[in-house]
Amino acid sequence: MSEKLAILGGPKTKTTSFGTGKRFGLDEAKELLEALEQNTLFYHFGKKVKQFLSDFNDLYGVKYSVATTSGTASIHVALGAAGITVGDEVITSPITDQGTLIGILYQNAIPVFADLDPNTYNMDPKSIEAKITPRTKAIVVVHLAGNPADMDPILEIAKKHNLKVIEDCAQSYLTKYKGRLCGTIGDYGCFSTNDFKHISTGDGGIVTVNSGDEQDFLTTHAFADKNFKRFGDQVQKDLHYLAPNYRMTELQGAVGIAQLKKLPWICEQRNQYGDRITQGISGLPGIQPHKVVEGNQCTYWFYMMTLDESQLTCTRKEFSEALAAEGIPNQAGYIANVMYLQPMFVKRQAYLGSHFPFDLSDISYSEGDCPNAENILKTAIRFSVNEFFTERDIEDIIAAIRKVAAHFAKVPASAN
Ligand SMILES: *Cc1c(COP(=O)(O)O)cnc(C)c1O
């Protein structure tokens, strides 16, 4: 017999509020004051952005990185530095933030969507390979929700077809693929420090340049600074190609220095909590936990499980509502729809009043293009994992899911 659900008038599982904490404190304030006392907030004259990048490079074990204004900007910069241009095709994920796609279209390249693994929610290398054409120039790999994509086969495909690999790590700080940090594996790694990510500078971003090649770094750096080439004492202002202004200011750099110090703890907490939830809910009929492949490390930007309604007596909506009534806020699904079903793609209109660059290609976007991705969004239940949660919060999340799952199980769960 299962316990009576809160939604049916039974006792609520979670009776305490979730743990919270302050993300910013005196460390950030001290860095900000120092930035202001420099009497300049320009990255090239001040020390904060330089320090932020140098700390980031140490943490990640990379030689070169570039600061930008956002995750979106970072991806655009990487694409620009990689030479992605008019009419090129770039393969990426249909479940992501639009920031993954904006730079592709601003380079007048064409996004092509690969299908996902149904349990890790990351790009399936077989689907990537199937989408390659003679125009394909790059893969933007999204490591969704802190979970690493399957990089080895992706790198192999990229090598075989001479493609650049750009990692979108906006949701995946200190995520490890077979012991290697995501963002250091492809040609470029792109991070976001917008206010909703593991760490925040309000807005901001970082691009790693993993070739370790100085020329590649200089090109990437210039692409974020209107093509000004400012390194050390040397400044070159001649313009050889088009580049936007995505410069980080000293204020973001200052906050970033303090935030980076907290990052290992934040990721450690999220990793442990997320994995604990998976242990606590695995084996329940009709529930697929957020799958992390063995040997990998997920830093859970959120937790997302999927339901198999054929094994449950409820719909996803009913499950989601029952879980919320137990005191666990959650969302049925993630983004409203796969990216390629956004009007921009269906109508092939990136720019107002134009079908460019889509009309360089005969590509069309329609329902059914990536069935696994569509199914993930139809079956997912998503909830927060936060570093400030307490052990008790995690136990309550597990208990609430188990209670709701037991109530709606078609066949009672075997003891586990
Ligand atoms: C947040 C996010 C971005 C964009 O980052 P911004 O800093 O908001 O521009 C890109 N890709 C993914 C997967 C994201 O989650």
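The values are calculated or read from the model by the stated rules, or taken from the named source; none is laboratory data. Because the structure is a prediction, the values reported are computed rather than measured. In this analysis, Cβ positions are derived from the backbone assuming ideal geometry, glycine residues included, and neighbour counts consider all displayed protein chains.
Hey, can you tell me all the residues within segment 6-56 that are hydroxyl-bearing (S, T, Y) and either in a loop (DSSP other than H, G, I, E, B) or touching a Gly at 6+ places or on another chain (Cβ under 8 Å) (or both)?
Narrowing segment 6-56 to residues hydroxyl-bearing (S, T, Y): 13, 15-17, 20, 40, 43, 54.
Matches in segment 6-56: T13, T15, T16, S17, T20, T40, Y43.
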Just one listed residue, out of I110, I128, is surrounded by 20 or more Cβ atoms within 10 Å (Cβ to Cβ), touching a helix residue (DSSP H, G or I) at 6+ places or on another chain (Cβ under 8 Å), among the aliphatic types (A, V, I, L, M) and closer than 24 Å to Y334 by Cβ, and it is I128
Inside segment 124-176, the number of residues satisfying the requirement of being touching a Pro at 6+ places or on another chain (Cβ under 6 Å) and among the polar types (S, T, N, Q) is 1
Scanning segment 171-197 for residues that are among the hydrophobic types (A, V, I, L, M, F, W, C), farther than 22 Å from K131 by Cβ and touching a residue at least 60 places away in the same chain (Cβ under 8 Å), the one nearest to the ligand (Cβ to nearest atom) turns out to be F191
Taking the criterion of being touching a strand residue (DSSP E or B) at 6+ places or on another chain (Cβ under 8 Å), exposed (fewer than 14 other Cβ atoms within 10 Å of the Cβ) and modelled with pLDDT under 95, would at least one residue in segment 387-410 satisfy it?
yes
Filtering segment 57-76 down to residues that are among the hydrophobic types (A, V, I, L, M, F, W, C) and either crowded, with 24+ Cβ neighbours inside 10 Å or not in a helix (DSSP H, G or I) (or both) yields V62, V66, A67, A73, I75
task: Kindly indicate whether D233 is in contact (Cβ under 8 Å) with a residue 60 or more places away in the chain and away from the ligand (no atom under 16 Å from the Cβ).
output: no
The condition from (1) crowded, with 23+ Cβ neighbours inside 10 Å; (2) within 22 Å of F196 (Cβ to Cβ) that L79 misses is numbered (2)
Flagged pairs (Cβ under 8 angstrom, 6 or more apart or on separate chains; first in segment 354-376, in a helix (DSSP H, G or I); second buried (at least 16 other Cβ atoms within 10 Å of the Cβ) and among the acidic types (D, E)) are P371/D115; N372/D115; N372/D117; N372/D124; A373/D115
Apart from one, (1) polar (S, T, N, Q); (2) within 16 Å of the ligand (Cβ to nearest atom); (3) touching a residue at least 60 places away in the same chain (Cβ under 8 Å); (4) buried (at least 20 other Cβ atoms within 10 Å of the Cβ) all hold for S200; the odd one out is (4)
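Listed here are the residues, each with its yes/no results for (1) away from the ligand (no atom under 13 Å from the Cβ); (2) out of contact with any strand residue (DSSP E or B) (no Cβ under 7 Å at 6 or more places or on another chain).
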{"site": "G80", "(1), (2)": "yes, yes"}
{"site": "V86", "(1), (2)": "yes, yes"}
{"site": "D97", "(1), (2)": "no, yes"}
{"site": "I104", "(1), (2)": "no, no"}
{"site": "D115", "(1), (2)": "yes, yes"}
{"site": "I128", "(1), (2)": "yes, no"}
_Yes or no: segment 166-173 includes at least one residue that is in contact with a Phe, Trp or Tyr (Cβ under 6 Å, 6 or more places away or on another chain), closer than 21 Å to F56 by Cα and of a type in the set (S, T, N, Q)._
yes
The condition from (1) under 21 Å from A82 (Cβ atoms); (2) within 16 Å of the ligand (Cβ to nearest atom); (3) of a type outside the set (F, W, Y) that T219 misses is numbered (2)
Output for Cβ contacts, cut-off 8 Å, separation at least six or different chains, first residue closer than 28 Å to K229 by Cα in segment 24-45, second assigned to a helix (DSSP H, G or I) and of a type in the set (K, R), reads E31/K48; E34/K48; A35/K48; Q38/K48; Y43/K50
Scanning segment 1-27 for residues that are hydrophobic (A, V, I, L, M, F, W, C) and more than 21 Å from F319 (Cα to Cα), the one surrounded by the fewest Cβ atoms within 10 Å (Cβ to Cβ) turns out to be L26
Note: among E167, E156, just one is away from the ligand (no atom under 15 Å from the Cβ) and acidic (D, E), namely E156
